[in-house]
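Q: Pasting a structure here, questions to come.
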Amino acid sequence: TNAAEMKSSEATDEEKQLIVKAETDAAANAKEKEVIHVTEEKQFIFISPNSGGTYNDMGGVSSMCNSWDEEKAKGKQIAGILFNHSNWMCGSGSVGNKLGLYFQARALASHHQVSFQIAPACLKENDNIISWLPQTVIPQNATGGGIVNEAPPPDSFVKRRELMCNCAGTIAHQCSDGWPQLAVTWHQEIRTALDNWALSAGKPKVEKGAATIHLRCGDIIDPEVIASGGAGGMGFLKSSFYFKHLRGIGIKSIHILTTPLDACKEGSSERKNDCKWGPQCSRIIDALINKLSSSLALSREHFQVHDHESSMWSMHHIAFSEISFCSPSTFCLFPSLGSNHVIHTGSSGNFPSAKKRLPDLLKTFVYDEGDYFVKMKSLPKNGTVEKVIEFIQE
């Protein structure tokens with residue numbers, strides 16, 4: 001306004017020239033900043049699920065790799081991988097699938113020795129462990145803030161890159177290479193994240209002598225879901241599996257983490273189709289407790305069922321119990337990388353790394369190849385719950 005007034009006033013020619021020069025310089029500076037900003041953005045691969053985070057887009061491993069290759073083909077120097085859709089990434093729903101994508105993106109960045117970033121950073125108020133994991137990671141040879149990436153393994157660069165990008169599916173848990181190779185890093189980061197969350201939330205440490213069983217139920221016993229193949233690779237574990245690993249180790253309490261056994265909690269991310277089958281799941285869990293109580297000579301008062309706890313609370317128990325058991329599920333697979341001692345079985349089809357990679361990389365991760373798994377797709381359409389109860393008591 002002052003410049004305009006001076007221009008229209010009786011300013012000298014010299015003053016008018018100074019004003020015009022100042023305006024020209026300001027415009028040039030603004031344009032320069034804009035160019036620098038655009039240039040910096042183009043150096044990053046942006047990961048924003050096109051479908052806004054719907055089921056079909058979770059994981060997105062192939063699209064992430066394709067985006068990298070497309071940018072490189074244009075001759076661009078890639079500075080890093082940036083999640084610029086953090087309201088999806090940091091949200092409370094489908095945390096297991098998102099966590100897999102987070103780890104695979106970190107692994108890809110580490111392999112290429114470039115930066116990784118979530119921007120804006122996740123809010124720690126969200127019920128999502130990603131909020132408590134590193135939001136900015138820099139390559140080992142860079143300077144500045146953030147957590148330093150672990151250097152890529154010494155294997156063939158090209159071969160590993162192909163394996164990382166050509167998984168059994170688009171979702172990261174179906175990859176046998178990439179994120180599994182950095183399991184030791186994830187072990188430490190997960191434990192630190194969950195420990196920090198517990199301290200911040202004022203949650204007590206998991207009691208000594210505690211075992212945690214993650215038992216996925218809910219939608220996987222829905223006949224329509226089973227018929228459509230939606231429960232493929234999902235199922236239940238026989239009580240003999242738990243007994244084999246629990247006997248003789250002095251377990252004093254058993255926590256069972258499961259889907260809602262009654263109405264969904266208002267305002268939560270609980271899925272309606274899980275809550276719908278709550279009563280049937282309650283019968284299955286009751287049968288399991290009866291069998292384990294008898295086999296372990298542990299009274300029912302030592303069993304606690306948790307069906308409405310937050311994902312952070314549940315993952316804290318998976319990581320810090322003396323022993324944990326995972327049903328085939330990404331929700332349990334990824335936090336179990338930080339466990340004191342975890343047992344998996346029956347999940348090698350959907351999660352190939354659980355059998356082939358992780359046991360070799362983590363002493364705390366065990367895969368039992370015994371015949372303990374009851375696949376839902378193998379059960380009859382009618383009487384599914386009764387059949388499950390019959391099998392799990394074996």
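Q: Please list, ordered by residue number, the helices (runs of 4 or more DSSP H) wholly in the range 180-264 having 1 or more residues that are closer than 30 Å to A287 by Cα and of a type outside the set (D, E).
A: 223-228, 239-246
Q: On to the next question. With the checklist (1) closer than 19 Å to L298 by Cα; (2) of a type in the set (F, W, Y); (3) touching a helix residue (DSSP H, G or I) at 6+ places or on another chain (Cβ under 7 Å) in hand, flag the one item F241 doesn't pass.
A: Here F241 meets the rest and fails (3).
Q: Turning to a different aspect of this structure: Condition check: at pLDDT below 95 and open to solvent by 20 Å² or more (accessible area, probe 1.4 Å). Does F320 satisfy that?
A: So F320 does not fit the description; no.
Q: Which is modelled with pLDDT of 80 or more, touching a strand residue (DSSP E or B) at 6+ places or on another chain (Cβ under 7 Å) and open to solvent by less than 30 Å² (accessible area, probe 1.4 Å), of I130, I118, I45?
A: I118
Q: Report yes if some residue within the range 145-158 is buried (at least 22 other Cβ atoms within 10 Å of the Cβ), modelled with pLDDT under 90, touching a strand residue (DSSP E or B) at 6+ places or on another chain (Cβ under 9 Å) and not in a helix (DSSP H, G or I); otherwise report no.
A: The answer is yes, given that some residue of the range 145-158 is buried (at least 22 other Cβ atoms within 10 Å of the Cβ), modelled with pLDDT under 90, touching a strand residue (DSSP E or B) at 6+ places or on another chain (Cβ under 9 Å) and not in a helix (DSSP H, G or I).
So that you can scan it fast, the table gives a plain yes or no per residue for (1) among the hydroxyl-bearing types (S, T, Y); (2) over 24 Å from D274 (Cα atoms); (3) out of contact with any His (no Cβ under 7 Å at 6 or more places or on another chain):
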{"residue": "S353", "(1), (2), (3)": "yes, yes, yes"}
{"residue": "T364", "(1), (2), (3)": "yes, yes, no"}
{"residue": "T384", "(1), (2), (3)": "yes, no, yes"}
{"residue": "V388", "(1), (2), (3)": "no, no, yes"}
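Q: On to the next question. For W197, all conditions in the list (1) modelled with pLDDT of 95 or more; (2) farther than 29 Å from K124 by Cβ; (3) aromatic (F, W, Y) hold save one; what is the number of the exception?
A: (2)
The values are calculated or read from the model by the stated rules, or taken from the named source; none is laboratory data. If you're wondering where the values come from, they're calculated on a predicted model, not measured in any experiment. Positions of Cβ are backbone-derived with ideal geometry, glycine not excepted, and every protein chain shown enters the neighbour counts. Please note that ligands, DNA and RNA were not included when accessible areas were found on the heavy atoms of the full protein model with its side chains. Shrake-Rupley method; radii C 1.70, N 1.55, O 1.52, S 1.80 Å.
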